[in-house]
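Here is the structure we will look at.
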Amino acid sequence: MLGIKKKYYVKQELDDDRPSIHGRIKRNNNNDQNHQTGFCLMSMLELQKPIIDTPCWPVKKAAASTIIAVFLITVLMVSVGWLDISFSGVSSYQNMGVGSKSTTARHKPEFPLECSTENQTQTCRRDYPTTTGIPPMNTSKVECPSFFRWIHEDLRHWKQTGISRDMIEGARKTAHFRLVIVKGKAYVEKYRNSIQTRDKFTLWGILQLLRMYPGRLPDLELMFDCDDRPVVRSRDFQGPNARPPPLFRYCADEWSLDIVFPDWSFWGWAETNIRPWRNVLKEIKKGNERRKWKERVPYAYWRGNPSVAPTRKDLMKCNATDKNNWNTLLYVQDWDRESKQGFKQSNLEDQCTHRYKIYTEGWAWSVSEKYILACDSMTLYVRSRFYDFFIRGMQPLQHYWPISENTKCKSLKFAVEWGNIHPKKAIGEAAGKFLHEDLKMDNVYDYMFHLLNEYAKLLKFEPTVPPGSVELCSETMACPRTGTWKKLMVESLVMFPSDVTPCGMPPPYEPQELRDFLETKANSTRQVEMWESQYWLSQY
């Protein structure tokens with residue numbers, strides 16, 4: 001169609017990149033007393049290399065005692081933790097459980113799922129630590145990423161009035177569940193089923209937060225709506241006597257008061273075979289390394305379901321044809337077909353092959369946002385009405401290139417033309433760095449931790465376990481499951497408490513500071529619009 005070769009060869013990389021240490025001691029069983037002691041002594045550097053039947057030369061008896069002494073001292077240093085070596089053939093960091101924030105060697109016990117036998121009722125294990133062992137007053141010297149400051153803005157509407165139980169009850173009409181945390185345990189009162197397994201994996205994520213920071217979350221009570229669009233309209237709650245209901249969900253917009261929370265897919269999306277975010281980030285990083293930016297296809301790429309929203313149907317008009325080349329390659333994602341074919345064409349790490357990737361919202365914000373931004377490709381971000389919890393910390397022309405919603409095709413073509421002409425200025429790596437560092441899974445947990453802590457401070461009543469609610473724990477949620485659902489939960493299970501404190505919560509924006517931040521965003525978008533206008537005027 002466009003003379004573009006669509007056949008790519010991707011080098012398959014080993015999934016297991018864990019270092020191993022091999023050592024070998026060869027002993028000669030000959031009883032001849034004149035035979036010298038046979039002993040292979042390898043340096044620490046040599047121990048990290050594969051062993052290929054290395055010959056062991058005899059060592060004189062005079063030196064044997066010295067060699068044995070060195071060996072015993074090395075073992076002693078390992079045992080007290082001065083050397084990070086495992087003689088089992090596995091580096092000690094492999095014993096770190098999912099969810100740990102420590103990068104040092106671990107010798108503390110892990111707490112995997114404790115599933116009952118088929119004939120027994122599944123119960124929660126009671127031996128999981130109830131505290132992290134860190135004094136509650138200890139604070140981290142590491143400050144949280146700047147987008148954490150939006151927690152203050154999301155809760156600002158209740159700063160003066162606080163949150164009463166009646167306010168919470170006002171959110172019940174659209175909520176899927178009520179979550180109550182009392183003395184470190186989670187209880188849920190379910191009202192209706194959510195789309196797919198959104199509610200299950202959201203609750204699973206909160207349970208993992210409790211496992212990461214046991215005993216550190218205060219008692220609280222909240223309502224959660226798992227649907228796409230925000231429903232608490234700010235225009236309905238004006239004036240000093242306004243009492244908006246606090247309602248948690250995955251996204252909001254400038255006309256709503258809904259409280260944004262990390263979406264379910266951070267712990268896996270069972271229906272689309274997407275792994276937990278911690279694993280996906282590693283896979284996308286490997287995908288980024290396969291092909292440098294200049295070697296990628298010089299077109300803008302998008303794959304998704306266009307039928308969920310008019311803006312996506314409109315995007316498909318921009319697909320490159322022999323008549324109109326908009327510098328785009330757009331593909332329809334048929335999830336039913338993908339499911340039947342084992343999701344072979346849906347590996348996220350295989351989709352970082354184009355210089356440009358397009359993000360456009362669906363019915364509301366789209367889960368695809370973080371996966372697109374994590375590629376080192378230049379993200380062409382179609383202006384969105386909705387925001388999630390982290391995008392507010394990103395800036396146009398720094399992390400993404402803004403695309404006009406009303407003139408998508410022209411805007412996309414210009415963006416690609418500009419990037420191909422100015423490859424050194426093309427945005428991409430900054431967004432990837434933001435996603436891999438600021439939005440790593442440890443920070444997702446810390447965002448949840450601070451959001452729930454700040455929210456709990458506003459409660460004007462003592463949370464209690466509601467009648468008819470069910471206690472939740474990792475065992476009752478995961479053990480009865482099978483297939484992909486259980487696999488994702490096991491992958492994202494926090495195996496032991498964190499041995500470090502959450503990052504330090506940044507202060508709220510000062511009014512003028514916030515205005516300046518938003519004005520910078522607006523000016524960057526206007527700058528792109530001006531460049532784009534000049535470009536198209538020059539074409540006529």
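Annotations
- Charge context of Phe461, other residues only, Cβ under 12 angstrom, K/R +1, D/E -1: -3
- ³J(HN,Hα) computed for each position of the range 414-426 - Karplus, 6.51 cos²θ - 1.76 cosθ + 1.60, integer Hz, glycine/proline x: 5, 4, 5, 4, 4, x, 5, 7, 10, x, 6, 9, 4
- Computed from backbone phi, the HN-Hα couplings of the range 359-367 come to 10, 9, 5, x, 4, 9, 4, 10, 4 Hz, rounded to whole numbers (Karplus: 6.51 cos²θ - 1.76 cosθ + 1.60, θ = phi - 60°; Gly and Pro given as x).
- Distant-in-sequence amide H partners of Ile274 (H built 1.01 Å from N, under 5 Å): Trp269
- Trypsin sites (Lys or Arg not before Pro) lying in DSSP loop within the range 286-366, provided at most 11 other Cβ fall within 10 Å: Lys292, Lys323, Lys344
- At q = 0.27, 0.30 Å⁻¹ the log10 of I(q)/I(0) for the range 367-425 amounts to -1.32, -1.43, computed by Debye summation with a single uniform scatterer per C-alpha, solvent ignored.
- The heavy atoms of Thr407 present about 60 square angstrom of accessible area, all protein chains included, probe 1.4 Å.
- Translational diffusion of the range 388-474, µm² s⁻¹ [Kirkwood Rh, Cα pairs; Stokes-Einstein; 20 °C; 1.002 mPa s]: 125 µm²/s
- Of Lys141/Lys294; Lys141/Lys190; Lys294/Lys413; Lys141/Lys286, those spanning more than 29 Å from alpha-carbon to alpha-carbon: Lys141/Lys294; Lys141/Lys190; Lys141/Lys286
- Compactness of the range 157-311, expressed as Rg and Dmax over alpha-carbon positions, Å: 19.2, 59
- Rg over Rh [alpha-carbon atoms, Kirkwood Rh] for the range 489-540: 1.39
- Per-residue HN-Hα couplings for the range 111-128 [Karplus 6.51, -1.76, 1.60; θ = phi - 60°; Hz; x = Gly/Pro]: 10, x, 4, 10, 8, 6, 6, 4, 8, 10, 6, 5, 10, 7, 6, 10, 9, 5
- Scanning residues 5 or more positions from Arg355 or on other chains, those with amide H under 5 Å from its amide H are Val297, Tyr299, with H placed 1.01 Å from N in the peptide plane.
- Placing one equal scatterer on every Cα of the range 314-419 and applying the Debye formula, the log10 ratio I(q)/I(0) at q = 0.12, 0.14, 0.17 Å⁻¹ is -0.43, -0.59, -0.87.
- Distances between placed amide hydrogens fall under 5 Å for Asn305 paired with Gln333, all partners being 5 or more residues away or on another chain.
- Gain in span if fully extended, Asp227 to Tyr331, counting 0.36 nm per residue against the direct Cα distance: 34.9 nm
- Accessible surface of the range 399-506, 1.4 Å probe, proportion on carbon and sulfur as whole %: 51 percent
- Long pairs among Lys357/Lys487; Lys313/Lys440; Lys200/Lys460; Lys292/Lys410; Lys285/Lys370, criterion Cα-Cα beyond 22 Å: Lys357/Lys487; Lys313/Lys440; Lys200/Lys460; Lys292/Lys410
- Annotation for the range 203-299: chymotrypsin sites (Phe, Trp or Tyr not before Pro) lying in DSSP loop with at most 12 further Cβ atoms inside 10 Å of their Cβ are Trp255.
- Per residue, the convex hull around the alpha carbon atoms of the range 361-520 comes to 214 Å³.
- Solvent-accessible area assigned to carbon and sulfur over the range 166-235 amounts to 45 percent, based on a 1.4 Å probe.
The values are calculated or read from the model by the stated rules, or taken from the named source; none is laboratory data. Just so you know, these numbers come straight off a predicted model, no measurement behind them. Methodologically, a virtual Cβ is constructed for each residue, glycine included, from the backbone with ideal geometry; neighbour enumeration extends over all protein chains shown. Just so you know, the surface numbers come from the protein's heavy atoms only, side chains and all, with ligands and any DNA or RNA stripped out. Shrake-Rupley method; radii C 1.70, N 1.55, O 1.52, S 1.80 Å.
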